[in-house]
Structures are given as structure tokens and as C-alpha cells.
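In what follows, a structure is listed as C-alpha cells, so that the remarks can point back to it.
Throughout, read-outs are computed from the coordinates displayed, never taken from laboratory work. Because the structure is predicted, anything quoted here is derived from the model rather than measured. Here the Cβ is made from the backbone with ideal geometry for all residues, glycine too, and neighbour counts use every protein chain on show.
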Amino acid sequence: MKLDIILSGVGGQGILSIAAIIGEAALRKGLHVKQAEVHGMSQRGGDVQSNLRLSSSPIHSDLIPKGKADAILALEPMEALRYLPYLKKDGFVNIPNYPDHTALLDTLRTQPRVILIDADALAKENSVPRAVNMVLLGAASVVLGFDAELLEAVVADFFASKGDRIVEMNRLAFRVGREAGGHQVNSAAHAK
């Protein structure tokens, strides 16, 4: 198994939490993990990006070369566009909706495999507005090759120190996102 993921967004969105959860799930599966992060001006809404490389064999570099990423997980559409040159031709792009930016979304839709959800709205509709990043992780989980149960267990462990209410909020957000992502992937498969 080999999976190269670029996670991108802006400061405060929980991009590095997503990377930590996927990385821990990979370690629990016995995979090798390499990660590189760029924090930018994260406290002021600047770029936050992580290269996450997972493999069943040793990994020699923590950076993903252009054209080699299997997936881009983005909580900010402009950041997804920034990293499109790193995506494989058949790679997945997963971002939340971005109101009033039709041209930007149309550009992202030109990619052959896109999961495009309104993660903010899904989080609010399900009373988990502070867990938008877990909605994104759930949506992306349908194409990452990890069992949902494993990722959900890592989510629970990751937030365990914050109490049961926070754990359940993040687990619910993960499930909501997974359902939305699964619906899009299944709809796209049936449309072909």
C-alpha cells in the first residue's frame, strides 16, 4: 500500500489534527508514515499544509513530488487550487463548498474525481459546528483505504483528553462526513 495525501487549509481549521489522526491510523495498521508541515501565519488565517505519506514499505522523503499526490484534502478551496499541480491525474480532491465562488468550484469540478461537500453546513445541521475538520475527514475516508471503524477509534483516542462530549461530537462529525462522501462517490460511480 502507498498513499500520498496533501492536507491544506488555513490556520485554526484543524488540518494538522486530520493529519495526526490519519497518521495514527496508518501506524495502527503497521504502515510507515512520513509527514511534513507548513504552518505559515496560522494564527492569522494563513496557509497550513501537510504532506502525509503512508506506505507498507519504507518511505525515503517526507515531501510529495508534483503530480504524485493520491488525494488533496482541503478545508479552503483556494488552498485546494494551490496544490492541484501535486495531484495525480486520477487523484481525489476533497473540499467543502465555498459560497459565491462558482468559477473556483467549476475549476475544481474539472478534476476527474472530486468530493465536494459543504462541511460547514453539515457540521451546523448536525449540531457539531466546531468539528468541521472531522466532517472533512469522514468524507475523505471513503477513498483513503482505511476502515471507518479504525479511523473513528483514532478520532475517539485523539480527543479523549477533552472529555466524552467532545469525543462524541467529533465521532458524529466523522460519521456525517463519511455518509456525505460515500453518497457522492456512489453517485459518481452510478453516473458513469
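Tell me what the chain gives for mean residue ellipticity at 222 nm when only DSSP H runs of n ≥ 4 count, each as -39,500 (n - 2.57), the sum divided by the residue total, rounded to 500 deg cm²/dmol. Numbers along the way, then the final one.
Numbers: 7 runs with 89 residues, N = 192.
For the chain, the value works out to -14500 deg cm²/dmol.
Restricting the count to DSSP beta bridges whose residues both fall in the chain, what percent are antiparallel, rounded to a multiple of 5?
Working: 16 of 29 bridges.
Here the antiparallel bridges make up roughly 55 percent for the chain.
Could you size up the charge dipole of the stretch 1-80 around its Cα centre, putting +1 on the beta carbon of Lys and Arg and -1 on that of Asp and Glu, and report it in debye to the nearest 20?
Values: 8 positive and 8 negative charges, 56 e Å.
My answer is approximately 280 debye.
Full extension of the chain between residue 60 and residue 179 yields a length gain of 39.4 nm, computed as 0.36 nm times the residue separation minus the alpha carbon distance. Here Kirkwood radius over Cα pairs in Å was computed from the coordinates, and among (1) 18.5; (2) 17.2; (3) 16.5 the match is (3).
What is the dipole size for the chain, taken about its Cα centre, with +1 at each Lys and Arg Cβ and -1 at each Asp and Glu Cβ, in debye to the nearest 20?
With only Lys, Arg, Asp and Glu charged at Cβ, the dipole is about 420 debye.
Each of 170, 185, 1 was placed along the dipole of the chain (beta-carbon charges, centred on the mean Cα), and the one lying farthest toward the positive end is 1. Of 29/162; 88/162; 29/68; 124/162; 66/162, which sit over 31 Å apart, Cα to Cα? Too far apart for the 31 Å limit: 88/162; 66/162. When you restrict to C-alpha pairs under 8 Å that are six or more residues apart and normalise by the size of the stretch 140-192, the relative contact order lands at 41 percent.
Using mean Cβ contacts within 10 Å as the protection proxy, how do 50-57, 104-111 order, highest first?
Numbers: 50-57: 19.8, 104-111: 13.8.
Most protected by this proxy first, the peptides run 50-57, 104-111.
The relative contact order of the chain comes to 19 percent, based on Cα pairs under 8 Å that sit 6 or more residues apart. When the Cα positions of 128, 140, 52 are compared along the charge dipole of the chain, 52 comes out farthest toward the positive end, with charges on each C-beta of Lys, Arg, Asp and Glu.
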